[in-house]
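Visitor: Following this message is one structure expressed as C-alpha cells.
Each reported figure results from applying straightforward, stated rules to the coordinates on display, with no laboratory input. None of these values were measured; they are calculated from a predicted model. Note: ideal-geometry Cβ built from the backbone for every residue, glycine included; neighbour counts use all protein chains shown.
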C-alpha cells in the first residue's frame, strides 16, 4: 500500500516530543494535504468530524484545537472513518451544511501504550493479534461535486459475541460486520453482487475468514468481491504483522489512498465500505469484560444516485 500514500514519514515522532503529539501532527498534515488536493482553504469547511483511538479522542481534539472550525469528535474505534463519513453525509444531506472534513488517525506507539503494554516490555503477540497502523486519512465531503458519492449509510447495532481476548479483535468484530452487512442488503433489497467491492476494516485474517463463513452458511459467496483493509495495508508475506493491520488510520488510509481514486478511475463503480470497531477500553479488558463491537456501512458510487 505504500505507493498509494500522499506522504510517508521516516520519523515516528513527526518532529514532536511524544507519540501522542506526533499523532496530532499527523492529523494536521493529513487535513492540510486533503484541502490542498481539493484546492480549498480551511475556512471553506463548515464542520470537522474527527476521531482516533485514544481516551477522549485527544489526538483529534489537540490536533484541531486552533482550527477555528465547528468540531464534532466521534469514537467508533477502528470503525471511526465510516462513522464520520455517514454522520457528515447525513448533516450535508439534511441541509445543515455544504462542506465537511472527515479525518481519523491511529499510531502504533500510542495505541500500544494505552491498550496493551509499553513497547519496552517486549511482550509476545498471539497469532490472532493485529498491528495498529501508524497512519491517517481525510475525506472532504461537499453537497456538490464530481464524485464519488455517498449514496447510503447503514449504522450498525452493538454486537457482543462474548469474546474477551483483546488480542483477538477480528473474532470479536466479525459478528458485528455480518449483522450490519446483512441489514444493509436486506434494507435495500440487494445482494452482495450489487457491489464491485465489499470492504471491511479491520477484521484481519481471522475475522475476515469468520465473516465469509457466516455468509457461506446463509448460502452467500462473497469471496470474489470481498477484501479487508487490515489485509490490504501491509504485505503479510514480508511484514510480520500477524493477523494484519488495525486502527482508525488503517481503513482511513486504504479508503483515501486507494479506494476513492479507484472509484474516480473506473476500477470500481460501487463500493461498500464497512468499517468495524471493537468498543473496549484498557479498564474493561482488565476487568475481564467481553468486547462489544460495531460496524458502520457506507455505500460509495462513481455515479450520483437518482
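Visitor: Which log10 I(q)/I(0) values does the range 2-142 give at q = 0.11, 0.19 Å⁻¹ under the Debye formula, counting every alpha carbon as one identical point scatterer?
Guide: Each listed q maps to, in turn, -0.41, -1.12.
Visitor: Once label points are set 7 Å from the Cα along Cα→Cβ at both residue 287 and residue 143, what is their separation, rounded to one decimal in nm?
Guide: 4.4
Visitor: How far apart, in nm, are the 7 Å Cα→Cβ label points at residue 43 and residue 72?
Guide: 2.4
Visitor: Additional query: Work out, step by step, the length gained on full extension between residue 183 and residue 125: first 0.36 nm times the residue separation, then minus their alpha carbon distance; give nm to one decimal.
Guide: Going from the current span to full extension adds 17.5 nm.
Visitor: Choose one answer from 125, 113, 270: the residue with the largest mean-square fluctuation in a GNM of the chain with alpha-carbon springs under 10 Å.
Guide: Looking only at 125, 113, 270, the largest GNM fluctuation is found for 125.
Visitor: Go ahead and run the numbers for FRET between residue 36 and residue 209, Cβ-Cβ distance against an R0 of 35 Å, rounding to 0.05.
Guide: 0.35
Visitor: Let me ask something additional. Using a Förster distance of 41 angstrom, determine the FRET efficiency expected from the C-beta separation of residue 267 and residue 65, and round it to 0.05.
Guide: With R0 = 41 Å, the Cβ-Cβ based efficiency is 0.60.
Visitor: Anyone know which of 211, 33, 272 comes out most mobile in the 10 Å Cα GNM of the chain?
Guide: 33
Visitor: What distance in nm separates the two pseudo spin-label positions at residue 216 and residue 17, each 7 Å out from Cα along the beta-carbon direction?
Guide: In this crude spin-label approximation the distance works out to 5.4 nm.
Visitor: So, by mean Cβ neighbours within 10 angstrom, what's the order for 92-103, 156-167 with the highest one leading?
Guide: Going by the mean number of other Cβ atoms within 10 Å, highest first, we get 92-103, 156-167.
Visitor: Share of antiparallel DSSP beta bridges in the chain, in percent to the nearest 5?
Guide: 55
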